[in-house]
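Undergrad: Below you will find the structure I want to go over with you.
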Ligand code: URA
C-alpha cells in the first residue's frame with residue numbers, strides 16, 4: 001500500500017486540537033471536517049480527468065474535467081460519516097456509498113453488516129473514509145469487498161494511522177497488484193492493549209457523536 005503522510009502546518013495544527021481531550025464535540029466535528037478537506041486535496045491527486053476545451057471571454061483554453069464514471073466516496077459507519085462532508089465538498093459530483101463493518105467476535109474478522117453501494121464498481125475510483133486505521137482489520141475487509149465488486153483503485157483517508165494497521169494492510173494485499181493508497185495526517189506510535197492508537201485521539205466515533 002502506498003502511504004502518504006500529509007506534512008503541512010495546517011494539518012498538524014488541526015490534528016493537535018483534535019487530539020486534545022478538552023476539545024468539545026462541536027469543535028472536534030468542525031476540525032475533522034476541515035482536516036479531511038486538506039487530506040482530500042492530496043488524496044485526489046490521481047483522480048481521473050478528461051481533456052476539454054472551454055471558451056474564456058478572450059479565447060479557447062484547454063483544461064480538464066473529472067472523468068466519468070465519477071468517483072465513489074464510501075464512509076465506514078459510524079465514525080466515517082464525520083469525514084463525508086469534507087470529501088464531497090471537494091468532489092461534489094462523487095456518488096456516496098455506505099459500508100457498515102463489525103467485528104465477528106467468534107472469528108475476530110471484520111464483516112459487513114450494512115451496505116448501500118452500486119453492485120458493479122467496474123472502473124470506479126473509490127475513496128474510503130474512516131478516521132482511525134488501528135488494527136487494519138476493518139479497512140482490509142472493506143477494501144477487499146470493494147475490489148470484489150470491481151473497484152478500479154481504492155484510496156483510504158484516515159485522520160490517524162497505527163503502524164500495526166499499515167503493516168496489516170501491507171501483509172493482506174502483498175503481491176496482489178491492487179492499487180491501494182492511504183492518505184493520513186499522522187502515523188502514531190502503536191496500539192495499546194485495548195486497540196486504541198497511542199497517543200491517538202481516543203474513540204473518534206464517540207468524540208464526533210457522543211457515547212451512544
Ligand atoms: N478507533 C478509534 O476510534 N480510536 C482508536 O484509537 C482506535 C480505533
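The values are calculated or read from the model by the stated rules, or taken from the named source; none is laboratory data. Nothing here was measured: the structure is a model prediction, and the numbers come from that model. When we count neighbours, we look across all protein chains shown, and the Cβ atoms used for this are built from the backbone with ideal geometry, even at glycine.
Undergrad: Can we say residue 35 is within 16 Å of the ligand (Cβ to nearest atom), within 20 Å of the chain's Cα centre (by Cα) and either closer than 28 Å to residue 122 by Cα or at pLDDT below 95 (or both)? So that I can check it myself, show each step before the final result.
TA: Numbers: within 16 Å of the ligand (Cβ to nearest atom): yes; within 20 Å of the chain's Cα centre (by Cα): yes; either closer than 28 Å to residue 122 by Cα or at pLDDT below 95 (or both): no.
Against the criterion (within 16 Å of the ligand (Cβ to nearest atom), within 20 Å of the chain's Cα centre (by Cα) and either closer than 28 Å to residue 122 by Cα or at pLDDT below 95 (or both)), residue 35 does not qualify.
Undergrad: In the set 136, 150, which member is within 20 Å of residue 172 (Cα to Cα), without any contact (Cβ under 8 Å) to a residue 40 or more places away in the chain and surrounded by 20 or more Cβ atoms within 10 Å (Cβ to Cβ)?
TA: Details: 150 fails: surrounded by 20 or more Cβ atoms within 10 Å (Cβ to Cβ).
When all the criteria are applied, what remains is 136.
For every residue, the table says whether it meets (1) within 16 Å of the ligand (Cβ to nearest atom); (2) assigned to a strand (DSSP E or B); (3) modelled with pLDDT of 95 or more.
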| site | (1), (2), (3) |
| --- | --- |
| 82 | yes, no, yes |
| 86 | no, no, yes |
| 102 | yes, yes, no |
| 107 | no, no, no |
| 115 | no, yes, no |
| 121 | no, no, yes |
| 127 | no, yes, yes |
| 146 | no, no, yes |
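Every residue, every condition in (1) at pLDDT below 95; (2) more than 10 Å from the ligand (Cβ to nearest atom); (3) part of a strand (DSSP E or B); (4) within 15 Å of residue 128 (Cβ to Cβ), yes or no:
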residue	(1), (2), (3), (4)
155	no, yes, yes, yes
170	no, yes, no, no
175	yes, yes, no, no
178	yes, yes, no, yes
181	no, yes, yes, yes
185	no, yes, yes, no
194	yes, no, no, no
201	no, no, no, no
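Undergrad: Another question, then. Tally time: how many residues in the range 148-170 are over 23 Å from residue 86 (Cβ atoms) and in contact with a helix residue (DSSP H, G or I) (Cβ under 9 Å, 6 or more places away or on another chain)?
TA: So in the range 148-170, the residues over 23 Å from residue 86 (Cβ atoms) come out as 148-150, 163-164, 167-168, 170.
Checking which are in contact with a helix residue (DSSP H, G or I) (Cβ under 9 Å, 6 or more places away or on another chain) leaves us with 168.
Residues in the range 148-170 being over 23 Å from residue 86 (Cβ atoms) and in contact with a helix residue (DSSP H, G or I) (Cβ under 9 Å, 6 or more places away or on another chain): 1 in total.
Undergrad: Specify which of the listed residues (202, 177) is farther than 24 Å from residue 11 by Cβ and surrounded by fewer than 18 Cβ atoms within 10 Å (Cβ to Cβ). Lay out the reasoning, then the answer.
TA: Working: 202 fails: farther than 24 Å from residue 11 by Cβ.
Testing whether each residue is farther than 24 Å from residue 11 by Cβ and surrounded by fewer than 18 Cβ atoms within 10 Å (Cβ to Cβ) leaves just 177.
Undergrad: What residue, of 90, 66, is without any contact (Cβ under 8 Å) to a residue 40 or more places away in the chain, within 29 Å of residue 31 (Cα to Cα) and surrounded by 14 or more Cβ atoms within 10 Å (Cβ to Cβ)?
TA: 66
Undergrad: Under 6 Å by Cβ, and 6 or more places apart or on different chains, what pairs join a residue from the range 187-205 that is in contact (Cβ under 8 Å) with a residue 60 or more places away in the chain with one that is within 8 Å of the ligand (Cβ to nearest atom) and outside any strand (DSSP E or B)?
TA: So the pair list comes out as 195/134; 197/134; 197/162; 204/79; 204/131; 205/79.
Undergrad: While we're looking at this one, here's another question. Specify the residue that is nearest to the chain's Cα centre (by Cα); the eligible residues are those in the range 158-171 that are farther than 16 Å from residue 205 by Cβ and buried (at least 18 other Cβ atoms within 10 Å of the Cβ). Lay out the reasoning, then the answer.
TA: To start, the set of residues in the range 158-171 that are farther than 16 Å from residue 205 by Cβ comprises 161-171.
Now drop any that are not buried (at least 18 other Cβ atoms within 10 Å of the Cβ), which leaves 161-162, 165-166, 168-169.
Details: 161: 11, 162: 14, 165: 14, 166: 13, 168: 16, 169: 14 Å.
Checked the range 158-171; the qualifying residue nearest to the chain's Cα centre (by Cα) is 161.
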